[in-house]
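First the structure, in the form of structure tokens, and then the observations on it.
Where a number appears in this text, it was derived from the coordinates with a stated rule and is not lab data. The shown structure was predicted, so the numbers you read here are calculated from the model rather than taken from an experiment. Reconstructed Cβ throughout: ideal geometry from the backbone, glycine too, with neighbour counts over all protein chains shown.
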Amino acid sequence: MCHQGLIEILLDAKKIVALTGAGISAESGIPTFRGSGGLWEGYPVEKVATVEGFERDPELVWRFYDEMRINIARAEPNEAHMVLAKMENHYDLWVITQNIDGLHTRAGSRNVIELHGNIWRTKCTECGRVDYNYDVPLREIPPKCGKCGGLLRPDVVWFGEPVYDADKAYKLSEECDVMFVIGTSAQVYPAAYLPRVAWSHGAKIVEINLEKTPVSRYADFVIRKPATVAMREIYQGLLGAFQGE
Ligand code: APR
């Protein structure tokens, strides 16, 4: 069976964290950020993913996010998202994601930390009210607050802003027995610290990525396969082992 050593470790594990990035949603048809064909190639980060960019041109920023919302609305969670959701039935498993697409929750995961926010939420720049907005496409660009009429922004974390639930993410990373690091280039902090934190507290690190990343150097297992393939194989291996127990 493949990944035999990993399956043995998973059989002993109690608490698992899966740190995910854009690569886990790539096979759902959502482009990643970096690399050729990545989202940041067509849009300068400083224009669409900073507070300064938003203040300069909220319309441009909202057009970018509206396009992303249209794309995400068409996408379905893939097998990698689904396997993580199913693994919650066997483990104390938490997904810590950098993705804003909400696909983990749509796949059925309940323990999800969305470090970088959620593209379906808006936040008023005047009164701070947070709302969900599922209009695709948006009815007005830029959208305005239903309560005070102020300018709304996407409730996502831009460069230079603090991430959501950082304390909880660090604590889970310290406590887990195994951390999966799936489809992230591990270049953006603080998310990129989390595998280091887990590793230094004794967790086994399992990287699933098509390419080498800074995590590859110290990961205990490196799986160079698409996330759906890797997660399918791991789940099949686990089911076989559970049945054989
Ligand atoms: N399976 C596994 N890994 C994949 C797949 C796949 N099918 N497709 C791509 N990858 C890998 C790439 O090799 C790359 O390492 O996914 C990674 C995607 O990296 P990024 O585009 O940098 O995405 P991410 O790490 O999530 O970016 C972090 O940066 O731009 C900000 O806020 C944005 O949340 C984002 C953060």
Quiz item: Per the Kirkwood definition applied to all pairs of different Cα atoms, how many angstroms is the hydrodynamic radius of the chain?
Solution: 18.7 Å
Quiz prompt | Ordering of 67-74, 17-24 by packing [mean C-beta count within 10 Å, highest first] | solution = 17-24, 67-74
Quiz item: Alpha carbon centre of the stretch 47-85 versus the stretch 181-239: separation in Å?
Solution: 24 Å
Self-check item: Within the chain, helix-based [θ] at 222 nm, where runs of 4 or more DSSP H residues each add -39,500 (n - 2.57), nearest 500
Solution: -10500 deg cm²/dmol
Self-check item: Rounded to 5, percent antiparallel among DSSP beta bridges of the stretch 57-153
Solution: 65 percent
Quiz prompt | Relative contact order %, the chain, counting alpha carbon pairs below 8 Å whose residues are six or more apart | solution = 23 percent
Quiz item: Applying 1/(1 + (r/R0)^6) with R0 = 35 Å to the Cβ-Cβ distance of LYS171 and GLU140, what FRET efficiency is obtained, to the nearest 0.05?
Solution: 0.30
Exercise. Please find, in a Gaussian network model of the chain (springs between Cα atoms separated by less than 10 Å), the residue of LEU11, LEU194, LEU84 whose mean-square fluctuation is greatest.
Key: LEU11
Exercise. Extending each Cα 7 Å along its Cβ direction at TRP40 and LYS147, get the distance between those two points in nm, one decimal.
Key: 3.3 nm
Self-check item: Neighbour cut-off at most 13 other Cβ (10 Å), DSSP loop, GluC sites (Glu not before Pro), the stretch 149-224
Solution: GLU211
Practice problem: Sort the stretch 179-230 into rounded, prolate or oblate with this rule: let a ≥ b ≥ c be the square roots of the eigenvalues of the Cα gyration tensor; rounded if a/c is under 1.5, and if a/c is not under 1.5, prolate when a/b is larger than b/c, oblate otherwise. | Solution: oblate
Quiz item: What shape does the stretch 30-171 take by its C-alpha gyration tensor, where a ≥ b ≥ c are the square roots of the eigenvalues and a/c under 1.5 counts as rounded, a/b above b/c as prolate, and the rest as oblate?
Solution: prolate
Practice problem: Quick one: give the max-minus-min coordinate of the C-alpha atoms of the stretch 127-245 along each principal axis, largest first, in Å. | Solution: 59, 30, 29
Quiz prompt | Relative contact order of the stretch 108-166, defined on C-alpha pairs under 8 angstrom at six or more residues apart (%) | solution = 45 percent
Quiz item: Pairs of lysine in the chain with Cα under 20 Å and at least 8 positions apart or on different chains: total?
Solution: 16
Practice problem: Translational diffusion coefficient, Stokes-Einstein: compute it for the stretch 116-195 using the Kirkwood radius over C-alpha pairs as Rh, at 37 °C and 0.692 mPa s, and state it as an integer in µm² s⁻¹. | Solution: 222 µm²/s
Quiz item: Each residue of the stretch 55-64 in turn: what ³J(HN,Hα) in whole Hz from Karplus with 6.51, -1.76, 1.60 and θ = phi - 60°, glycine and Pro shown as x?
Solution: 5, 6, 8, x, 5, 4, 5, 5, 5, 4
Practice problem: Please give the per residue volume of the convex hull enclosing the alpha carbon atoms of the stretch 1-112, rounded to a whole number of Å³. | Solution: 127 Å³
Exercise. Return the long-range amide H neighbours of TRP94 (sequence gap of 5 or more, or a different chain), with a cut-off of under 5 Å between placed amide H atoms.
Key: ILE16, VAL17, ALA18
Exercise. Could you tell me, in Å, what Rg and Dmax come out for the Cα atoms of the stretch 1-43?
Key: 16.0, 45
